[in-house]
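**Q** One structure, pasted below without further comment.
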Amino acid sequence: FTQIAYLVDAYRGETKDSNYDLVTYSLFVSFYPQLIAGPILRHDELIPQLRSVKNFVFSERNFALGLTLFVLGLSKKMLIADNLSPWVAPVFNNAESVTFLEAWIGALSYTFQLYFDFSGYSDMAIGLGWMVNINLPINFNSPYKSDSIIEFWRRWHITLSAFLRDYLYIPLGGSRKGEFRRVSNLMLTMLLGGLWHGAGWTYVVWGGMHGLFLGINHIWRKLGISLPKFVGVTVTFLAVVASWVLFRAATFEDALEILQAMGGMKGILLPDTFQGVLGWIPIGGIFQGWQNLSYLPWVGAGNSMIVLGIIMLGVMKLPNTMQMIKQFSPKIGWGLGIATLATACLLSLNRVSEFLYFQF
């Protein structure tokens, strides 16, 4: 993406007056912090910084900030995303036989695993950049707090959204040729964005779903209809969770099986220990023994729901890492906190880590 953007900018004549040489260009496209997992860079964002003399002077503050953000990002990846990974695979590997509760736990676990994995990588990249006095663009900004799909794509993988907008959507005509063309261009852009992730129908349908969501969202806004923020956030989050099922499933059939289970179309089977709380539901036979739930996390249904509830509360209510870093000060509390997280990450190095981004 970085090099495609540069080629298009060069074709448009936007690099003509910049006097880039081979060494400068090579450093731009191979800058190590973002080389593997982004953020996606533009030449005018990075190359001027590489040429700035003041950026060659060591900054203790920048290094401390960068190291702090790096550890926060590493913790998101290793302590949250990697620990959710074993909760995801059993559900998606046995899509045809999962129950209502198992399907929801698997889908929500992947929803948070994906976020903490990708945003953790981005935080690490930005932190490494700060250590050498380079500012990389922010890539995630609490996307699950969004109250619309339009806002979600302004907060999720921001540099990819900007790339798709500037190099696909706008060249296709954007919104300049009427509402029908706007929706068509959004659909085509998102279909291509989905196809980039992999040559499979699940990725294409995932992209198409988001294209459809965006089109509906724009029409909804044009009609001037508004929803309470809580309702908007809830609807947006549920739509995103449903789309992640397609994104993660190995086949379209597996995705449909899990979505049907989540919708209660296969029956709502819950552990009998929940009967005291949910016994008022007028549906017979939904409570059975734990032995009928085969694909729950090893911590059990109740505990896993508590963990996911805590994660959701943190994602929705707490500041994100970029907001946290604005409160950074070189005090003993910060030092102990970051040292504790770094130690926990080091102790987690004895297990296999799933690298989600490498499959795309």
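Each value in this text was obtained by applying a stated rule to the coordinates, not by laboratory testing. All values reported here derive from a predicted model rather than from experimental measurement. Here the Cβ is made from the backbone with ideal geometry for all residues, glycine too, and neighbour counts use every protein chain on show.
**Q** Taking every pair of alpha-carbon atoms in the stretch 95-254, what share in percent sits in each 10 Å bin, from 0 to the bin with the longest distance?
**A** 10, 34, 36, 17, 3, 0
**Q** Using unit Cβ charges (K, R positive; D, E negative) and no other charged atoms, how large, in debye to the nearest 20, is the dipole of the chain about its Cα centre? Let's see the in-between values first.
**A** Numbers: 25 positive and 21 negative charges, 215 e Å.
Computed charge dipole of the chain: roughly 1040 debye.
**Q** Less than 14 Å Cβ to Cβ from Ile219, Lys/Arg counted +1 and Asp/Glu -1: what total charge do the surrounding residues give?
**A** +3
**Q** Only loop residues by DSSP count here, and only those with at most 13 other Cβ atoms within 10 Å; note down the trypsin sites (Lys or Arg not before Pro) in the stretch 198-268 that meet that. Don't skip to the end; give the middle numbers.
**A** On the way: sites: Arg221, Lys222, Lys229, Arg248, Lys266; in loops: Lys266.
The qualifying sites: there are none.
**Q** 7 Å from Cα along Cα→Cβ at both Ile332 and Leu318: what's the point-to-point distance in nm?
**A** 2.4 nm
**Q** How much length, in nm to one decimal, is gained on full extension between Phe230 and Ser59, taken as 0.36 nm per residue of separation minus their Cα-Cα distance?
**A** Values: separation 171, 0.36 × 171 = 61.56 nm, distance 4.29 nm.
Using 0.36 nm per residue and subtracting the Cα-Cα distance, I get 57.3 nm.
**Q** Still on this model: Hey, what does the equivalent ellipsoid look like for the stretch 292-360, semi-axes from the Cα gyration tensor as sqrt of 5 times each eigenvalue, largest first, whole Å?
**A** On the way: eigenvalues 167, 69, 43 Å².
Its equivalent ellipsoid spans semi-axes of 29, 19, 15 Å.
**Q** Sticking with this structure for a sec: Calculate, axis by axis, the spread of Cα positions in the stretch 1-115 along the three principal axes, and write the results as whole Å, longest axis first.
**A** 61, 40, 16
**Q** Here's a follow-up. In whole Å, what three semi-axes, largest first, describe the equivalent ellipsoid of the stretch 54-132 built from its Cα gyration tensor (square root of 5 times each eigenvalue)? List each step's numbers first, then the result.
**A** Numbers: eigenvalues 286, 14, 10 Å².
Result for the stretch 54-132: semi-axes of 38, 8, 7 Å.
**Q** Let me ask you something else. Excluding Leu84 itself, calculate the net charge of residues whose Cβ lies under 10 Å from the Cβ of Leu84, where each Lys or Arg counts +1 and each Asp or Glu counts -1.
**A** On the way: positive: none; negative: Asp82, Asp117, Glu354.
Result for the local shell: -3.
**Q** With a Cα-only, solvent-free Debye model of the stretch 116-202, what are the log10 I(q)/I(0) values at q = 0.17 Å⁻¹?
**A** The calculated log intensity ratios at q = 0.17 Å⁻¹ are -0.84.
**Q** Would you compute the Debye intensity of the stretch 1-54 from its alpha-carbon atoms alone, equal scatterers and no solvent, and pass along log10 I(q)/I(0) at q = 0.13, 0.16 Å⁻¹ to two decimals?
**A** -0.30, -0.45
**Q** Separation between the Ile170 and Asn94 pseudo-spin-labels, each 7 Å from Cα along Cα→Cβ, expressed in nm?
**A** Distance between label points: 5.0 nm.
**Q** Turning to a different aspect of this structure: Calculate how steeply helix 100-131 sits against the longest principal axis of the alpha-carbon atoms of the chain, using the helix alpha-carbon long axis, and give the answer as 0 to 90 degrees to the nearest 10.
**A** 20 degrees
**Q** What number does the stretch 178-229 give for Rg over Rh if you use C-alpha atoms and the Kirkwood radius?
**A** Values: Rg = 12.6 Å, Rh = 11.5 Å.
In the stretch 178-229, Rg relative to Rh is 1.09.
**Q** Could you work out how much longer the chain between Leu195 and Leu67 gets when fully extended? Use 0.36 nm per residue separation minus the Cα distance between them, nm to one decimal. Could the numbers behind the result be given before it?
**A** Numbers: separation 128, 0.36 × 128 = 46.08 nm, distance 3.54 nm.
Here the segment from Leu195 to Leu67 would lengthen by 42.5 nm.
**Q** Obtain the radius of gyration and the Kirkwood radius of the chain from its C-alpha atoms and give Rg over Rh. Mind showing how you got there, number by number?
**A** On the way: Rg = 22.5 Å, Rh = 22.6 Å.
Ratio of gyration radius to Kirkwood radius for the chain: 1.00.
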